[in-house]
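Peer 1: Encoded as structure tokens, here's the structure I'll be asking about.
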Amino acid sequence: MRVFATLLLAALTCRAADDPDDAKARIRGIHDYAKQGPSAIPKIQPYLEDRDKEVRWAAVEAISEIGTQRALDPLIQAANDNEESIQVRAVDGLVNFYLPGYLKTGIGGSIRRATRALKGRFADTNNDIIDPYVSVRPEVITAIGKLARGGVSMESRANAARALGILRGKAALPDLYEALRSRSDIVLYESLIAIQKIRDTGSGPQIQFLLRDLKDRVQIAALETTGILRNRAAIPDLRQVLKNARNDKVRRAALTALAMMPDEADRPLFAQYFASKDEGLRAAAAEGYGRLRQVSDLPALEKAFQDEDKMGPRLSMAFAVVMLGRHELTEFSALQYLVNTLNSRLYRDSAEPLLTELARDPGVYKAVYPALRKPDATKEEKIRLLRILGRTGGKDTLAVVEPLKGDSDAEVAQEAMRAAQNITARLP
């Protein structure tokens with residue numbers, strides 16, 4: 001009797017799912033299929049072509065949440081839908097496969113809420129990126145690149161651009177360059193951040209025309225990207241932007257970009273702004289001095305580091321001091337100050353990239369080994385130092401990282417595993 005009831009329920013579910021006149025029944029059927037897990041994906045996939053957008057939404061939502069390798073082809077198919085929210089959900093599902101947990105930050109919910117939610121999602125932080133050892137299928141990058149270039153809406157295009165940055169989609173750079181021709185601030189901004197993350201130095205000339213954009217958000221992103229890509233051909237433009245900046249935000253971004261690729265000709269600019277009342281300008285000038293790598297600047301920088309009472313510029317001064325050769329990890333040293341700041345909720349995201357840049361020098365990344373090994377190292381220090389060493393460490397770093405795979409804290413242990421994978425992926 002129990003077997004008969006089960007068969008009857010299954011038959012009714014299939015009938016409901018196949019009912020051409022009842023979209024709600026088809027959606028219920030999709031939800032029932034989804035409970036079966038990955039094996040149900042072939043049963044759900046046909047509903048991606050349903051005439052009702054609510055049904056198609058339910059199908060792409062179910063497939064993206066099931067995930068697994070089997071979901072990739074259906075999600076690529078769904079990316080070609082002509083509904084904004086379905087394109088977005090398909091892209092979020094693709095990203096989620098390579099960056100588990102991403103769907104929690106995506107638009108979520110029903111199709112009626114999806115478009116409204118999209119309008120606000122681009123105001124959040126945009127720091128997500130897959131680890132270097134993760135390999136993305138070329139077809140995924142192609143499908144998302146197509147949307148960045150010509151999605152059904154500006155929000156869909158911006159979402160695709162964001163995804164390309166997260167997935168390091170270098171093959172889709174031509175699509176991002178095309179997206180830079182958009183008049184949409186959201187598309188321009190997300191495309192610039194994606195280009196930052198991909199970090200192909202050949203992209204520098206492609207964004208140079210945006211250095212004088214009239215919208216602050218776009219102009220600042222273009223300035224930051226130019227500095228990150230070290231496009232030295234843009235230095236004259238950066239000097240002009242600094243000179244004629246319409247506000248301090250733009251001025252800071254221009255000076256920071258110049259500081260990323262310092263030229264002795266800019267020393268007077270660094271000197272001028274090193275004494276500025278503006279914290280951001282002092283910080284950028286200090287970083288510029290550090291990257292000039294003139295040891296004769298060290299005494300002035302060390303004094304400034306000791307005297308500075310604002311944390312932002314003091315971090316940059318510490319960076320400059322370490323850049324000029326002070327690698328000691330002692331109680332009051334500049335390097336220890338940077339490590340300590342990894343515990344600061346407000347400034348840890350500023351300290352980490354500075355330490356990452358410094359740790360590209362083997363002398364620095366070896367100098368921080370004791371900080372990772374000390375018995376009283378905090379969880380946040382361990383996680384962020386492991387992240388830094390995963391990006392910069394050499395073969396010898398594995399001996400420091402491997403023991404932390406057995407750390408009593410699961411998050412630390414997971415970060416140690418990722419760091420080891422990233423280091424191994426870089427080794428010849």
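The values are calculated or read from the model by the stated rules, or taken from the named source; none is laboratory data. Because the structure is predicted, anything quoted here is derived from the model rather than measured. As a convention, Cβ positions derive from the backbone with ideal geometry for all residues, glycine included, and neighbour counts pool all protein chains shown.
Peer 1: Looking at (1) assigned to a loop (DSSP other than H, G, I, E, B); (2) over 23 Å from ARG28 (Cα atoms); (3) modelled with pLDDT under 95; (4) among the hydrophobic types (A, V, I, L, M, F, W, C), which one does ILE130 not meet, given that it meets all the others?
Peer 2: Here ILE130 clears every test but (3).
Peer 1: Enumerate the pairs (first residue in the stretch 338-357 and surrounded by fewer than 20 Cβ atoms within 10 Å (Cβ to Cβ); second residue anywhere and polar (S, T, N, Q) and not in a helix (DSSP H, G or I)) with beta-carbon separation below 8 Å, excluding pairs fewer than 6 apart on the same chain, so at least 6 apart or on different chains.
Peer 2: Pairs that qualify, where the first residue is surrounded by fewer than 20 Cβ atoms within 10 Å (Cβ to Cβ) and the partner is polar (S, T, N, Q) and not in a helix (DSSP H, G or I), are ASN343/THR378; ASP349/ASN127.
Peer 1: Check whether at least one residue in the stretch 298-313 is surrounded by fewer than 20 Cβ atoms within 10 Å (Cβ to Cβ), touching an Asp or Glu at 6+ places or on another chain (Cβ under 7 Å) and at pLDDT 95 or above, and report yes or no. Break it down stepwise before answering.
Peer 2: Initial filter on the stretch 298-313 (surrounded by fewer than 20 Cβ atoms within 10 Å (Cβ to Cβ)): 298-300, 302-303, 306-312.
Cutting the leftovers down to touching an Asp or Glu at 6+ places or on another chain (Cβ under 7 Å) gives us 310, 312.
Pick out the ones that are also at pLDDT 95 or above and you get 310, 312.
Yes - at least one qualifying residue is present in the stretch 298-313.
Peer 1: On to the next question. When the stretch 60-103 is examined, which residues are found to be over 23 Å from GLY150 (Cβ atoms) and among the small types (Gly, Ala, Ser)?
Peer 2: The answer is ALA62, GLY67, ALA71, GLY101.
Peer 1: Turning to a different aspect of this structure: Do we have LEU385 as over 25 Å from the mean Cα position of the chain (by Cα), part of a helix (DSSP H, G or I) and crowded, with 17+ Cβ neighbours inside 10 Å here? Steps first, answer last, please.
Peer 2: On the way: over 25 Å from the mean Cα position of the chain (by Cα): no; part of a helix (DSSP H, G or I): yes; crowded, with 17+ Cβ neighbours inside 10 Å: yes.
Answer is no for this residue.
Peer 1: Something else about it: Mind counting the residues in the stretch 243-290 that are closer than 20 Å to MET323 by Cβ, surrounded by fewer than 19 Cβ atoms within 10 Å (Cβ to Cβ) and touching a residue at least 24 places away in the same chain (Cβ under 8 Å)?
Peer 2: Qualifying residue count, the stretch 243-290: 4.
Peer 1: Within the group ARG199, ARG181, ARG212, ARG137, which residue is among the charged types (D, E, K, R), surrounded by fewer than 19 Cβ atoms within 10 Å (Cβ to Cβ) and in contact with a Lys or Arg (Cβ under 9 Å, 6 or more places away or on another chain)? Can you show your working first?
Peer 2: Numbers: ARG181 fails: in contact with a Lys or Arg (Cβ under 9 Å, 6 or more places away or on another chain); ARG212 fails: in contact with a Lys or Arg (Cβ under 9 Å, 6 or more places away or on another chain); ARG137 fails: in contact with a Lys or Arg (Cβ under 9 Å, 6 or more places away or on another chain).
The match here is ARG199.
Peer 1: Check the stretch 227-238 and report whether any residue there is crowded, with 24+ Cβ neighbours inside 10 Å and more than 19 Å from ILE198 (Cβ to Cβ).
Peer 2: Yes - at least one qualifying residue is present in the stretch 227-238.
Peer 1: With the condition being small (Gly, Ala, Ser) and closer than 25 Å to LEU167 by Cβ, I'd like the helices (runs of 4 or more DSSP H) fully within the stretch 184-260 carrying at least 3 qualifying residues. Break it down stepwise before answering.
Peer 2: Numbers: elements: 185-198, 204-207, 216-228, 235-244, 248-260.
Because the criterion is at least 3 residues that are small (Gly, Ala, Ser) and closer than 25 Å to LEU167 by Cβ, the helices (runs of 4 or more DSSP H) in the stretch 184-260 that meet it are 216-228.
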